[in-house]
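The values are calculated or read from the model by the stated rules, or taken from the named source; none is laboratory data. As the structure is a computational prediction, the values presented were derived from the model and not from experiment. Counting neighbours? That spans all protein chains shown, and the Cβs are built from the backbone with ideal geometry, glycine included. To get the accessible areas, we keep the full protein, side chains included, count just its heavy atoms, and leave off ligands, DNA and RNA. Shrake-Rupley method; radii C 1.70, N 1.55, O 1.52, S 1.80 Å.
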Protein chains: 2
Amino acid sequence: MARLSSDERRAALLQAALRVIDRDGVHGATTRAIVAEAGMSLASFHYAFRSRDEMIRELIAFVVENEQQVSLAAVQADADIRTVVRSGLQAFFELLVSNPTREQALFELMHYSLRTPELGELPRAQYASYFRAARVLLESGAAAAGVTWSLPIEELARILIAFTDGLTLAWLADRDDAAAAVVMDFAADTISALAVPVRAKEHQR
Amino acid sequence: MARLSSDERRAALLQAALRVIDRDGVHGATTRAIVAEAGMSLASFHYAFRSRDEMIRELIAFVVENEQQVSLAAVQADADIRTVVRSGLQAFFELLVSNPTREQALFELMHYSLRTPELGELPRAQYASYFRAARVLLESGAAAAGVTWSLPIEELARILIAFTDGLTLAWLADRDDAAAAVVMDFAADTISALAVPVRAKEHQR
DNA sequence: AAGCGACTGGGACGATTGACCCAGTCCGAA
DNA sequence: TTCGGACTGGGTCAATCGTCCCAGTCGCTT
(Lines give C-alpha, C1' and ligand atoms only; values in the text may rest on other atoms or scores of the structure.)
Protein backbone atom coordinates (compact mmCIF):
# COMPACT_ATOMS: atom_id res chain seq x y z
CA MET A 1 0.00 0.00 0.00
CA ALA A 2 2.40 2.81 0.97
CA ARG A 3 2.61 5.94 -1.25
CA LEU A 4 -0.22 8.36 -1.32
CA SER A 5 -3.47 7.21 -2.64
CA SER A 6 -4.28 4.33 -4.82
CA ASP A 7 -7.79 5.69 -4.60
CA GLU A 8 -6.75 9.33 -4.64
CA ARG A 9 -5.05 8.92 -7.98
CA ARG A 10 -8.08 7.21 -9.39
CA ALA A 11 -10.27 10.02 -8.11
CA ALA A 12 -7.92 12.65 -9.52
CA LEU A 13 -8.03 10.95 -12.89
CA LEU A 14 -11.80 10.79 -12.79
CA GLN A 15 -12.04 14.49 -12.00
CA ALA A 16 -9.60 15.27 -14.79
CA ALA A 17 -11.56 13.08 -17.19
CA LEU A 18 -14.74 14.93 -16.30
CA ARG A 19 -13.09 18.27 -17.00
CA VAL A 20 -11.79 17.01 -20.33
CA ILE A 21 -15.24 15.70 -21.30
CA ASP A 22 -16.75 19.04 -20.32
CA ARG A 23 -14.28 20.78 -22.58
CA ASP A 24 -13.90 18.38 -25.52
CA GLY A 25 -16.69 15.84 -25.23
CA VAL A 26 -16.47 12.11 -24.68
CA HIS A 27 -14.74 11.83 -28.04
CA GLY A 28 -11.90 14.04 -26.87
CA ALA A 29 -11.39 12.23 -23.59
CA THR A 30 -8.36 10.25 -24.71
CA THR A 31 -6.00 8.74 -22.18
CA ARG A 32 -3.36 11.27 -23.15
CA ALA A 33 -5.70 14.23 -22.77
CA ILE A 34 -6.81 13.00 -19.37
CA VAL A 35 -3.35 12.47 -17.93
CA ALA A 36 -2.27 15.85 -19.32
CA GLU A 37 -5.23 17.47 -17.53
CA ALA A 38 -4.32 15.60 -14.36
CA GLY A 39 -0.63 16.50 -14.70
CA MET A 40 0.40 12.87 -14.70
CA SER A 41 2.20 10.51 -16.99
CA LEU A 42 0.58 8.02 -19.30
CA ALA A 43 1.95 5.10 -17.32
CA SER A 44 0.10 6.29 -14.25
CA PHE A 45 -3.17 5.94 -16.07
CA HIS A 46 -2.74 2.27 -16.76
CA TYR A 47 -1.35 1.82 -13.30
CA ALA A 48 -4.60 3.13 -11.86
CA PHE A 49 -7.03 1.67 -14.39
CA ARG A 50 -6.83 -1.53 -16.33
CA SER A 51 -8.20 0.19 -19.42
CA ARG A 52 -9.91 3.32 -20.63
CA ASP A 53 -13.23 1.49 -20.66
CA GLU A 54 -12.88 0.63 -17.00
CA MET A 55 -12.24 4.29 -16.26
CA ILE A 56 -15.30 5.42 -18.22
CA ARG A 57 -17.37 2.85 -16.39
CA GLU A 58 -16.25 4.18 -13.01
CA LEU A 59 -16.69 7.73 -14.22
CA ILE A 60 -20.35 7.16 -15.04
CA ALA A 61 -20.93 5.40 -11.75
CA PHE A 62 -19.29 8.33 -9.99
CA VAL A 63 -21.42 10.86 -11.81
CA VAL A 64 -24.60 8.93 -11.09
CA GLU A 65 -23.88 8.71 -7.39
CA ASN A 66 -22.83 12.30 -6.90
CA GLU A 67 -26.02 13.52 -8.50
CA GLN A 68 -25.33 17.20 -8.83
CA GLN A 69 -29.00 17.52 -9.52
CA VAL A 70 -29.24 18.46 -5.85
CA SER A 71 -29.45 22.05 -6.97
CA LEU A 72 -32.97 21.14 -7.92
CA ALA A 73 -33.85 20.55 -4.30
CA ALA A 74 -33.63 23.93 -2.66
CA VAL A 75 -37.00 24.18 -0.99
CA GLN A 76 -37.73 27.40 0.81
CA ALA A 77 -40.16 27.41 3.68
CA ASP A 78 -43.80 28.58 3.50
CA ALA A 79 -44.04 28.76 -0.25
CA ASP A 80 -46.98 27.47 -2.19
CA ILE A 81 -46.36 24.32 -4.16
CA ARG A 82 -46.41 26.07 -7.52
CA THR A 83 -43.61 28.35 -6.39
CA VAL A 84 -41.62 25.43 -5.05
CA VAL A 85 -41.76 23.59 -8.34
CA ARG A 86 -41.05 26.70 -10.36
CA SER A 87 -38.08 27.59 -8.16
CA GLY A 88 -36.66 24.12 -8.48
CA LEU A 89 -36.89 24.33 -12.24
CA GLN A 90 -35.35 27.78 -12.18
CA ALA A 91 -32.45 26.56 -10.09
CA PHE A 92 -31.87 23.74 -12.51
CA PHE A 93 -32.07 26.08 -15.46
CA GLU A 94 -29.56 28.47 -13.97
CA LEU A 95 -27.22 25.58 -13.41
CA LEU A 96 -27.66 24.68 -17.05
CA VAL A 97 -26.99 28.21 -18.28
CA SER A 98 -23.94 28.62 -16.08
CA ASN A 99 -22.48 25.29 -17.13
CA PRO A 100 -24.03 24.01 -20.35
CA THR A 101 -21.15 21.72 -21.22
CA ARG A 102 -21.74 19.77 -18.04
CA GLU A 103 -25.24 18.83 -19.10
CA GLN A 104 -23.95 18.03 -22.57
CA ALA A 105 -21.34 15.79 -20.99
CA LEU A 106 -24.01 13.90 -19.04
CA PHE A 107 -26.02 13.31 -22.18
CA GLU A 108 -22.94 12.18 -24.07
CA LEU A 109 -22.01 9.78 -21.31
CA MET A 110 -25.50 8.34 -21.42
CA HIS A 111 -25.39 7.81 -25.17
CA TYR A 112 -21.92 6.36 -24.92
CA SER A 113 -23.19 3.90 -22.33
CA LEU A 114 -26.16 2.95 -24.48
CA ARG A 115 -23.77 2.08 -27.30
CA THR A 116 -21.39 0.07 -25.14
CA PRO A 117 -22.70 -3.45 -24.43
CA GLU A 118 -21.29 -3.90 -20.93
CA LEU A 119 -22.35 -0.34 -19.99
CA GLY A 120 -25.88 -0.59 -21.30
CA GLU A 121 -27.46 -0.81 -17.87
CA LEU A 122 -25.87 2.34 -16.49
CA PRO A 123 -28.38 4.79 -17.98
CA ARG A 124 -31.08 3.01 -16.02
CA ALA A 125 -29.23 3.83 -12.82
CA GLN A 126 -28.54 7.34 -14.09
CA TYR A 127 -32.24 8.03 -14.55
CA ALA A 128 -33.17 6.31 -11.33
CA SER A 129 -30.88 8.85 -9.71
CA TYR A 130 -32.56 11.72 -11.53
CA PHE A 131 -35.99 10.47 -10.53
CA ARG A 132 -34.85 10.26 -6.94
CA ALA A 133 -33.75 13.91 -6.99
CA ALA A 134 -37.04 14.97 -8.54
CA ARG A 135 -38.91 12.96 -5.97
CA VAL A 136 -37.07 14.68 -3.15
CA LEU A 137 -38.06 18.08 -4.48
CA LEU A 138 -41.68 17.08 -4.94
CA GLU A 139 -42.01 15.41 -1.55
CA SER A 140 -40.27 18.04 0.52
CA GLY A 141 -42.05 20.76 -1.41
CA ALA A 142 -45.40 19.14 -0.82
CA ALA A 143 -44.65 18.76 2.86
CA ALA A 144 -43.62 22.40 3.16
CA ALA A 145 -46.67 23.63 1.26
CA GLY A 146 -49.08 21.37 3.10
CA VAL A 147 -50.29 19.48 0.06
CA THR A 148 -50.27 15.94 -1.19
CA TRP A 149 -50.09 14.56 -4.71
CA SER A 150 -53.01 13.08 -6.54
CA LEU A 151 -50.66 11.02 -8.70
CA PRO A 152 -48.07 8.47 -7.53
CA ILE A 153 -44.86 10.29 -6.72
CA GLU A 154 -42.86 8.07 -9.08
CA GLU A 155 -44.97 9.16 -12.01
CA LEU A 156 -44.69 12.82 -11.05
CA ALA A 157 -40.94 12.55 -10.70
CA ARG A 158 -40.68 11.07 -14.17
CA ILE A 159 -42.82 13.85 -15.58
CA LEU A 160 -40.67 16.48 -13.93
CA ILE A 161 -37.51 14.92 -15.34
CA ALA A 162 -39.13 14.75 -18.76
CA PHE A 163 -39.61 18.51 -18.50
CA THR A 164 -36.03 19.21 -17.48
CA ASP A 165 -34.61 16.95 -20.18
CA GLY A 166 -36.87 18.38 -22.82
CA LEU A 167 -36.21 21.98 -21.99
CA THR A 168 -32.48 21.32 -21.68
CA LEU A 169 -32.17 19.78 -25.13
CA ALA A 170 -34.14 22.53 -26.81
CA TRP A 171 -32.19 25.20 -24.98
CA LEU A 172 -28.88 23.60 -25.91
CA ALA A 173 -30.04 23.71 -29.52
CA ASP A 174 -31.24 27.32 -29.74
CA ARG A 175 -30.31 29.00 -26.43
CA ASP A 176 -33.73 30.61 -26.18
CA ASP A 177 -34.02 31.66 -22.55
CA ALA A 178 -37.50 33.09 -22.88
CA ALA A 179 -38.86 29.95 -24.49
CA ALA A 180 -37.31 27.87 -21.73
CA ALA A 181 -39.06 30.07 -19.18
CA VAL A 182 -42.37 29.40 -20.88
CA VAL A 183 -41.82 25.66 -20.65
CA MET A 184 -40.88 25.98 -16.99
CA ASP A 185 -44.01 28.02 -16.30
CA PHE A 186 -46.13 25.41 -18.01
CA ALA A 187 -44.43 22.62 -16.08
CA ALA A 188 -44.92 24.38 -12.75
CA ASP A 189 -48.56 25.13 -13.54
CA THR A 190 -49.50 21.65 -14.65
CA ILE A 191 -47.58 19.76 -12.00
CA SER A 192 -48.75 21.91 -9.12
CA ALA A 193 -52.29 21.46 -10.41
CA LEU A 194 -51.98 17.87 -9.24
CA ALA A 195 -51.47 18.93 -5.66
CA VAL A 196 -54.41 18.68 -3.28
CA PRO A 197 -54.50 20.38 0.11
CA VAL A 198 -53.99 18.19 3.12
CA ARG A 199 -56.76 18.30 5.70
CA ALA A 200 -55.61 20.42 8.59
CA LYS A 201 -55.52 17.51 10.98
CA GLU A 202 -53.18 15.49 8.82
CA HIS A 203 -51.15 18.54 7.99
CA GLN A 204 -50.58 19.23 11.62
CA ARG A 205 -49.06 15.97 12.73
CA MET B 1 -21.31 15.08 -66.56
CA ALA B 2 -22.03 11.63 -67.87
CA ARG B 3 -22.03 8.54 -65.60
CA LEU B 4 -24.84 7.87 -63.24
CA SER B 5 -25.36 10.18 -60.41
CA SER B 6 -22.99 12.57 -58.84
CA ASP B 7 -25.93 13.23 -56.56
CA GLU B 8 -27.09 9.64 -56.44
CA ARG B 9 -23.79 8.46 -55.09
CA ARG B 10 -23.83 11.16 -52.46
CA ALA B 11 -27.34 10.13 -51.49
CA ALA B 12 -26.38 6.46 -51.37
CA LEU B 13 -23.46 7.30 -49.09
CA LEU B 14 -25.70 9.37 -46.85
CA GLN B 15 -28.19 6.54 -46.54
CA ALA B 16 -25.39 4.09 -45.80
CA ALA B 17 -23.93 6.45 -43.22
CA LEU B 18 -27.31 6.70 -41.52
CA ARG B 19 -27.58 2.92 -41.35
CA VAL B 20 -24.08 2.66 -39.90
CA ILE B 21 -24.85 5.32 -37.30
CA ASP B 22 -28.05 3.47 -36.41
CA ARG B 23 -26.04 0.32 -35.88
CA ASP B 24 -22.76 1.56 -34.39
CA GLY B 25 -23.33 5.16 -33.40
CA VAL B 26 -21.63 8.30 -34.70
CA HIS B 27 -18.38 6.99 -33.31
CA GLY B 28 -18.54 3.91 -35.52
CA ALA B 29 -19.38 5.83 -38.66
CA THR B 30 -15.89 5.76 -40.13
CA THR B 31 -15.31 6.33 -43.80
CA ARG B 32 -14.42 2.66 -44.21
CA ALA B 33 -17.53 1.43 -42.45
CA ILE B 34 -19.72 3.70 -44.55
CA VAL B 35 -18.30 2.67 -47.92
CA ALA B 36 -18.49 -0.99 -46.87
CA GLU B 37 -22.17 -0.51 -46.02
CA ALA B 38 -22.71 1.20 -49.36
CA GLY B 39 -20.74 -1.47 -51.22
CA MET B 40 -18.32 1.05 -52.58
CA SER B 41 -14.62 1.67 -52.47
CA LEU B 42 -12.86 4.13 -50.22
CA ALA B 43 -11.83 6.27 -53.17
CA SER B 44 -15.47 6.82 -54.10
CA PHE B 45 -16.09 8.44 -50.74
CA HIS B 46 -13.57 11.19 -51.27
CA TYR B 47 -14.68 11.50 -54.84
CA ALA B 48 -18.19 12.33 -53.63
CA PHE B 49 -17.27 14.31 -50.50
CA ARG B 50 -14.31 16.52 -49.82
CA SER B 51 -14.07 15.17 -46.29
CA ARG B 52 -15.91 13.19 -43.67
CA ASP B 53 -16.91 16.39 -41.94
CA GLU B 54 -18.57 17.64 -45.10
CA MET B 55 -20.50 14.38 -45.29
CA ILE B 56 -21.64 14.61 -41.69
CA ARG B 57 -22.72 18.18 -42.30
CA GLU B 58 -24.84 17.13 -45.27
CA LEU B 59 -26.14 14.15 -43.34
CA ILE B 60 -27.51 16.31 -40.59
CA ALA B 61 -29.01 18.73 -43.07
CA PHE B 62 -30.62 15.78 -44.81
CA VAL B 63 -32.01 14.41 -41.59
CA VAL B 64 -33.36 17.77 -40.55
CA GLU B 65 -35.13 18.32 -43.86
CA ASN B 66 -36.64 14.89 -44.15
CA GLU B 67 -38.11 15.20 -40.71
CA GLN B 68 -39.37 11.70 -40.16
CA GLN B 69 -41.28 13.23 -37.30
CA VAL B 70 -44.13 13.30 -39.78
CA SER B 71 -45.42 10.20 -38.10
CA LEU B 72 -46.44 12.56 -35.36
CA ALA B 73 -48.88 14.28 -37.68
CA ALA B 74 -51.50 11.66 -38.42
CA VAL B 75 -54.66 13.52 -37.55
CA GLN B 76 -57.89 11.58 -37.85
CA ALA B 77 -61.10 13.41 -38.54
CA ASP B 78 -63.75 14.27 -35.92
CA ALA B 79 -61.64 13.47 -32.86
CA ASP B 80 -61.54 15.68 -29.82
CA ILE B 81 -58.30 17.59 -29.32
CA ARG B 82 -57.17 15.47 -26.41
CA THR B 83 -57.39 12.35 -28.56
CA VAL B 84 -55.53 14.03 -31.38
CA VAL B 85 -52.62 14.99 -29.16
CA ARG B 86 -52.58 11.61 -27.45
CA SER B 87 -52.62 9.77 -30.77
CA GLY B 88 -49.78 11.88 -32.12
CA LEU B 89 -47.72 11.06 -29.05
CA GLN B 90 -48.63 7.40 -29.35
CA ALA B 91 -47.57 7.34 -33.00
CA PHE B 92 -44.27 8.90 -32.07
CA PHE B 93 -43.77 6.46 -29.23
CA GLU B 94 -44.44 3.47 -31.44
CA LEU B 95 -41.90 4.80 -33.90
CA LEU B 96 -39.45 5.06 -31.03
CA VAL B 97 -40.12 1.52 -29.82
CA SER B 98 -39.89 0.03 -33.28
CA ASN B 99 -36.65 1.84 -34.04
CA PRO B 100 -34.90 3.06 -30.89
CA THR B 101 -31.49 3.32 -32.47
CA ARG B 102 -32.81 5.87 -34.93
CA GLU B 103 -33.73 8.25 -32.14
CA GLN B 104 -30.42 7.57 -30.47
CA ALA B 105 -28.70 8.42 -33.73
CA LEU B 106 -30.52 11.74 -33.94
CA PHE B 107 -29.44 12.66 -30.42
CA GLU B 108 -25.88 11.64 -31.12
CA LEU B 109 -25.81 13.71 -34.28
CA MET B 110 -27.07 16.68 -32.31
CA HIS B 111 -24.40 16.32 -29.65
CA TYR B 112 -21.74 15.79 -32.31
CA SER B 113 -22.85 19.02 -33.95
CA LEU B 114 -22.78 20.90 -30.67
CA ARG B 115 -19.17 19.83 -30.20
CA THR B 116 -18.06 20.72 -33.71
CA PRO B 117 -17.48 24.46 -34.14
CA GLU B 118 -18.60 24.81 -37.76
CA LEU B 119 -21.64 22.60 -37.13
CA GLY B 120 -22.74 24.35 -33.98
CA GLU B 121 -25.71 26.03 -35.64
CA LEU B 122 -27.24 22.86 -37.03
CA PRO B 123 -29.07 21.81 -33.85
CA ARG B 124 -30.98 25.07 -34.03
CA ALA B 125 -32.28 24.07 -37.45
CA GLN B 126 -32.89 20.55 -36.20
CA TYR B 127 -35.14 21.78 -33.43
CA ALA B 128 -36.82 24.34 -35.65
CA SER B 129 -37.76 21.36 -37.78
CA TYR B 130 -39.11 19.48 -34.78
CA PHE B 131 -41.11 22.49 -33.66
CA ARG B 132 -42.55 22.78 -37.14
CA ALA B 133 -43.74 19.19 -37.05
CA ALA B 134 -45.29 19.68 -33.63
CA ARG B 135 -46.96 22.84 -34.83
CA VAL B 136 -48.48 21.01 -37.77
CA LEU B 137 -49.99 18.43 -35.46
CA LEU B 138 -51.34 21.05 -33.07
CA GLU B 139 -52.76 23.28 -35.78
CA SER B 140 -54.37 20.61 -37.90
CA GLY B 141 -55.64 18.86 -34.81
CA ALA B 142 -57.16 22.06 -33.49
CA ALA B 143 -58.80 22.75 -36.84
CA ALA B 144 -60.25 19.24 -36.98
CA ALA B 145 -61.52 19.42 -33.41
CA GLY B 146 -62.90 22.89 -33.77
CA VAL B 147 -60.79 24.48 -31.07
CA THR B 148 -58.18 27.16 -30.84
CA TRP B 149 -55.17 27.52 -28.55
CA SER B 150 -55.00 29.89 -25.64
CA LEU B 151 -51.20 29.96 -25.88
CA PRO B 152 -49.07 30.99 -28.87
CA ILE B 153 -48.62 27.99 -31.11
CA GLU B 154 -44.82 28.31 -31.02
CA GLU B 155 -44.84 27.90 -27.26
CA LEU B 156 -47.14 24.90 -27.42
CA ALA B 157 -44.98 23.26 -30.07
CA ARG B 158 -41.94 23.65 -27.89
CA ILE B 159 -43.77 22.17 -24.93
CA LEU B 160 -44.87 19.20 -27.00
CA ILE B 161 -41.31 18.58 -28.20
CA ALA B 162 -40.07 18.86 -24.63
CA PHE B 163 -42.46 16.04 -23.77
CA THR B 164 -41.33 13.83 -26.64
CA ASP B 165 -37.65 14.44 -25.92
CA GLY B 166 -38.09 13.87 -22.22
CA LEU B 167 -40.06 10.68 -22.53
CA THR B 168 -37.71 9.40 -25.21
CA LEU B 169 -34.60 9.83 -23.10
CA ALA B 170 -36.13 8.21 -20.03
CA TRP B 171 -37.49 5.35 -22.11
CA LEU B 172 -34.12 4.80 -23.76
CA ALA B 173 -32.64 4.57 -20.28
CA ASP B 174 -35.07 2.14 -18.66
CA ARG B 175 -37.45 0.96 -21.42
CA ASP B 176 -40.44 1.41 -19.16
CA ASP B 177 -43.42 1.41 -21.53
CA ALA B 178 -46.02 1.94 -18.82
CA ALA B 179 -44.19 4.93 -17.39
CA ALA B 180 -43.91 6.42 -20.86
CA ALA B 181 -47.67 6.01 -21.28
CA VAL B 182 -48.23 7.93 -18.06
CA VAL B 183 -46.11 10.80 -19.34
CA MET B 184 -47.99 10.80 -22.63
CA ASP B 185 -51.32 10.84 -20.82
CA PHE B 186 -50.18 13.76 -18.73
CA ALA B 187 -48.93 15.60 -21.80
CA ALA B 188 -52.18 15.05 -23.68
CA ASP B 189 -54.23 16.14 -20.67
CA THR B 190 -52.31 19.31 -19.96
CA ILE B 191 -51.84 20.43 -23.53
CA SER B 192 -55.43 19.81 -24.55
CA ALA B 193 -56.51 21.74 -21.48
CA LEU B 194 -55.19 24.82 -23.25
CA ALA B 195 -57.67 24.39 -26.09
CA VAL B 196 -60.73 26.60 -26.13
CA PRO B 197 -63.79 25.91 -28.30
CA VAL B 198 -64.22 28.08 -31.34
CA ARG B 199 -67.51 29.95 -31.54
CA ALA B 200 -69.72 28.17 -34.01
CA LYS B 201 -69.65 31.07 -36.45
CA GLU B 202 -65.88 31.11 -36.67
CA HIS B 203 -65.69 27.35 -36.73
CA GLN B 204 -68.01 27.23 -39.67
CA ARG B 205 -66.15 29.42 -42.10
C1' DA C 1 -13.63 2.20 -83.61
C1' DA C 2 -11.32 5.51 -81.00
C1' DG C 3 -10.63 8.49 -77.45
C1' DC C 4 -11.75 11.37 -73.61
C1' DG C 5 -13.10 11.88 -69.12
C1' DA C 6 -15.74 10.35 -65.31
C1' DC C 7 -15.10 6.93 -62.02
C1' DT C 8 -12.91 2.93 -59.15
C1' DG C 9 -9.53 -0.40 -56.83
C1' DG C 10 -5.92 -0.90 -54.12
C1' DG C 11 -2.30 0.70 -51.85
C1' DA C 12 0.10 4.04 -49.03
C1' DC C 13 0.93 7.86 -45.71
C1' DG C 14 1.10 10.39 -41.47
C1' DA C 15 -1.37 11.10 -37.31
C1' DT C 16 -3.61 9.46 -33.36
C1' DT C 17 -5.09 6.10 -30.26
C1' DG C 18 -5.08 2.42 -26.31
C1' DA C 19 -1.97 -0.44 -24.38
C1' DC C 20 2.37 -2.09 -22.79
C1' DC C 21 7.18 -2.29 -20.97
C1' DC C 22 11.29 -1.47 -18.68
C1' DA C 23 14.69 1.06 -16.46
C1' DG C 24 14.80 4.05 -13.16
C1' DT C 25 13.19 6.99 -8.71
C1' DC C 26 11.40 7.90 -4.45
C1' DC C 27 9.48 6.86 0.15
C1' DG C 28 8.82 4.38 4.29
C1' DA C 29 9.98 0.37 7.04
C1' DA C 30 13.75 -2.09 9.03
C1' DT D 1 21.41 3.84 6.22
C1' DT D 2 19.80 0.30 3.49
C1' DC D 3 16.49 -2.03 0.96
C1' DG D 4 12.16 -3.40 -1.17
C1' DG D 5 8.36 -2.24 -3.55
C1' DA D 6 5.10 1.27 -4.98
C1' DC D 7 5.23 4.46 -8.52
C1' DT D 8 6.80 7.22 -12.87
C1' DG D 9 9.11 8.80 -17.44
C1' DG D 10 9.72 7.90 -21.76
C1' DG D 11 9.75 5.07 -25.45
C1' DT D 12 7.41 1.65 -28.40
C1' DC D 13 3.89 -1.21 -30.53
C1' DA D 14 -0.03 -2.55 -33.42
C1' DA D 15 -4.39 -0.95 -34.83
C1' DT D 16 -7.22 2.38 -36.79
C1' DC D 17 -8.30 6.64 -38.60
C1' DG D 18 -8.92 10.38 -42.52
C1' DT D 19 -6.86 11.48 -46.59
C1' DC D 20 -4.48 11.10 -50.80
C1' DC D 21 -2.67 9.15 -55.11
C1' DC D 22 -2.15 6.69 -59.27
C1' DA D 23 -2.82 3.25 -62.52
C1' DG D 24 -6.38 1.37 -64.44
C1' DT D 25 -11.55 0.67 -66.33
C1' DC D 26 -15.81 1.67 -68.13
C1' DG D 27 -19.25 4.17 -70.83
C1' DC D 28 -20.57 7.87 -73.63
C1' DT D 29 -19.66 10.87 -77.49
C1' DT D 30 -17.83 11.57 -81.94
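From the list B:Leu151, B:Leu137, pick out the single residue that is of a type outside the set (Phe, Trp, Tyr), farther than 20 Å from A:His111 by Cβ, open to solvent by 20 Å² or more (accessible area, probe 1.4 Å) and in contact with a Leu (Cβ under 6 Å, 6 or more places away or on another chain).
Matching residue, one of B:Leu151, B:Leu137: B:Leu151.
Is it true that A:Ala179 is surrounded by 18 or more Cβ atoms within 10 Å (Cβ to Cβ) and either over 13 Å from A:Ile81 (Cβ atoms) or not assigned by TED's automatic domain parsing to the domain that holds A:Gln90 (or both)?
Numbers: surrounded by 18 or more Cβ atoms within 10 Å (Cβ to Cβ): yes; either over 13 Å from A:Ile81 (Cβ atoms) or not assigned by TED's automatic domain parsing to the domain that holds A:Gln90 (or both): yes.
Yes, satisfied.
Which pairs have Cβ atoms under 9 Å, sit 6 or more apart or on different chains, and link a residue in region A:40-59 that is within 14 Å of another protein chain (Cβ to nearest Cβ) to one that is open to solvent by 60 Å² or more (accessible area, probe 1.4 Å) and more than 8 Å from DNA strand C (Cβ to nearest atom)?
A:Asp53/A:Glu118
Looking only at region A:39-56, filter to residues that are open to solvent by less than 30 Å² (accessible area, probe 1.4 Å) and near DNA strand D (Cβ under 10 Å from one of its atoms); which one of those is farthest from A:Arg23 (Cα to Cα)?
Ranking the qualifying residues of region A:39-56, first place goes to A:Ala48.
In region B:12-36, what count of residues is obtained for those that are more than 19 Å from the chain's Cα centre (by Cα) and surrounded by fewer than 20 Cβ atoms within 10 Å (Cβ to Cβ)?
Looking only at that region, the number is 9.
Please work out which one of (1) open to solvent by 20 Å² or more (accessible area, probe 1.4 Å); (2) within 16 Å of DNA strand D (Cβ to nearest atom); (3) modelled with pLDDT under 90; (4) within 30 Å of B:Gly166 (Cα to Cα) is the condition B:Ala74 fails and give its number.
(2)
Which of the residues belonging to region B:115-127 are within 11 Å of chain A (Cβ to nearest Cβ) and open to solvent by 40 Å² or more (accessible area, probe 1.4 Å)? Spell out the reasoning first.
Restricting attention to region B:115-127, the residues satisfying the condition of being within 11 Å of chain A (Cβ to nearest Cβ) are B:115-116, B:120-127.
Correct list: B:Arg115, B:Glu121, B:Arg124, B:Ala125.
Within region B:89-101, can you find the residues that are under 21 Å from B:Glu65 (Cβ atoms) and open to solvent by less than 20 Å² (accessible area, probe 1.4 Å)?
B:Phe92, B:Leu96
Looking only at helices (runs of 4 or more DSSP H) that lie completely in region B:132-205, which have at least 1 residues being within 11 Å of another protein chain (Cβ to nearest Cβ) and touching a Gly at 6+ places or on another chain (Cβ under 8 Å)?
B:153-174, B:177-192
Only one of (1) part of a helix (DSSP H, G or I); (2) at pLDDT below 95; (3) within 14 Å of DNA strand C (Cβ to nearest atom) is not met by B:Arg32, so which one is it?
It is condition (2) that B:Arg32 fails.
Output the number of the condition that A:Gln104 fails; it satisfies all remaining conditions of (1) surrounded by fewer than 19 Cβ atoms within 10 Å (Cβ to Cβ); (2) among the polar types (S, T, N, Q); (3) closer than 27 Å to A:Ala179 by Cα; (4) within 14 Å of chain B (Cβ to nearest Cβ).
(1)
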